[in-house]
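Engineer: What follows is a single structure, and I will ask about it in a moment.
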Amino acid sequence: MLIYDGDCGICNQSADWARAHLPAGDEVVPWQSVPDLAALGLTVADVETAAYWVDDDGSLHRGEDAVSATLRRVGGGWGVAGAVLGSLPVRPVARRAYYWVAANRHPFSRDGACSVQ
């Protein structure tokens, strides 16, 4: 399951991409629609600051690791990209890039729809 901020334009754009590419049955949901975040081991503070991928076994992947896990789940060339993104040499750069985009997401939203500015 991919959990994202439904009040963020770029997050919604990314979620639309994930829905179109993930295998059938994989969930992509805004955190605002998750009935019990605590059951997943998450808090509102967690999901307000980063996207999360939740594995079938309940393991949590945050931020750039969620992006990596999502791409690996898509598979093919995207899966390779996800593996590279999650690799030790690349991961620190991916983390900085993820949080920079998260902090500056309003201008990246195609439609300008982002409650976080």
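The values are calculated or read from the model by the stated rules, or taken from the named source; none is laboratory data. What you are looking at is a predicted structure, and each value in this text was computed from that prediction instead of being measured. Methodologically, a virtual Cβ is constructed for each residue, glycine included, from the backbone with ideal geometry; neighbour enumeration extends over all protein chains shown. Calculation scope for accessible area: heavy atoms of the full protein, side chains included, ligands and nucleic acids excluded. Shrake-Rupley method; radii C 1.70, N 1.55, O 1.52, S 1.80 Å.
Engineer: Determine, yes or no, whether Arg95 is at pLDDT below 95 and either of a type in the set (D, E, K, R) or open to solvent by less than 70 Å² (accessible area, probe 1.4 Å) (or both). Even if it seems obvious, please write down each step before you answer.
Structural biologist: Details: at pLDDT below 95: no; either of a type in the set (D, E, K, R) or open to solvent by less than 70 Å² (accessible area, probe 1.4 Å) (or both): yes.
Judged against the criteria, Arg95 is not a match.
Engineer: If I filter the range 42-50 for residues that are over 21 Å from Arg73 (Cα atoms), touching an Asp or Glu at 6+ places or on another chain (Cβ under 8 Å) and touching a residue at least 12 places away in the same chain (Cβ under 8 Å), do I get at least one hit?
Structural biologist: Yes: the range 42-50 contains one or more residues that are over 21 Å from Arg73 (Cα atoms), touching an Asp or Glu at 6+ places or on another chain (Cβ under 8 Å) and touching a residue at least 12 places away in the same chain (Cβ under 8 Å).
Engineer: Can you name the number of the only condition in (1) closer than 12 Å to Met1 by Cβ; (2) assigned to a helix (DSSP H, G or I); (3) of a type outside the set (A, V, I, L, M) that Gly58 fails?
Structural biologist: (2)
Engineer: Another question, if that's okay. Conditions: (1) hydrophobic (A, V, I, L, M, F, W, C); (2) more than 13 Å from the chain's Cα centre (by Cα); (3) modelled with pLDDT of 95 or more. Trp100 meets all but one. Number of the miss?
Structural biologist: (3)
Engineer: Please give the number of the condition Asp26 fails out of (1) farther than 15 Å from Ile3 by Cβ; (2) under 14 Å from the mean Cα position of the chain (by Cα); (3) part of a loop (DSSP other than H, G, I, E, B).
Structural biologist: Here Asp26 clears every test but (1).
Engineer: Could you grab me the full set of residues in the range 8-40 that are open to solvent by 80 Å² or more (accessible area, probe 1.4 Å) and modelled with pLDDT under 95?
Structural biologist: The one that is open to solvent by 80 Å² or more (accessible area, probe 1.4 Å) and modelled with pLDDT under 95: Pro35.
Engineer: Which of the residues spanning the range 41-64 are under 21 Å from Pro23 (Cα atoms) and open to solvent by less than 70 Å² (accessible area, probe 1.4 Å)? Step through it out loud before you land on a result.
Structural biologist: From the range 41-64, those under 21 Å from Pro23 (Cα atoms) are 51-64; that's our starting set.
Answer for the range 41-64, where residues must be under 21 Å from Pro23 (Cα atoms) and open to solvent by less than 70 Å² (accessible area, probe 1.4 Å): Ala51, Tyr52, Trp53, Val54, Asp55, Gly58, Ser59, Leu60, His61, Gly63, Glu64.
Engineer: Can I ask one more? Report the residue count in the range 38-49 for those that are part of a loop (DSSP other than H, G, I, E, B) and on the phi < 0 side of the Ramachandran plot.
Structural biologist: Within the range 38-49, the subset part of a loop (DSSP other than H, G, I, E, B) is 41-43.
Restricting the remaining residues to those that are on the phi < 0 side of the Ramachandran plot gives 42-43.
Result for the range 38-49: 2.
Engineer: Just a yes or no: is a residue in the range 70-89 out of contact with any Asp or Glu (no Cβ under 7 Å at 6 or more places or on another chain), under 12 Å from Met1 (Cβ atoms) and open to solvent by less than 60 Å² (accessible area, probe 1.4 Å)?
Structural biologist: Yes; the residues of the range 70-89 include at least one that is out of contact with any Asp or Glu (no Cβ under 7 Å at 6 or more places or on another chain), under 12 Å from Met1 (Cβ atoms) and open to solvent by less than 60 Å² (accessible area, probe 1.4 Å).
Engineer: Those residues that are under 16 Å from Arg19 (Cα atoms) and assigned to a loop (DSSP other than H, G, I, E, B), I need them from the range 72-90; list them, please.
Structural biologist: Gly75 - this is the single residue of the range 72-90 that is under 16 Å from Arg19 (Cα atoms) and assigned to a loop (DSSP other than H, G, I, E, B).
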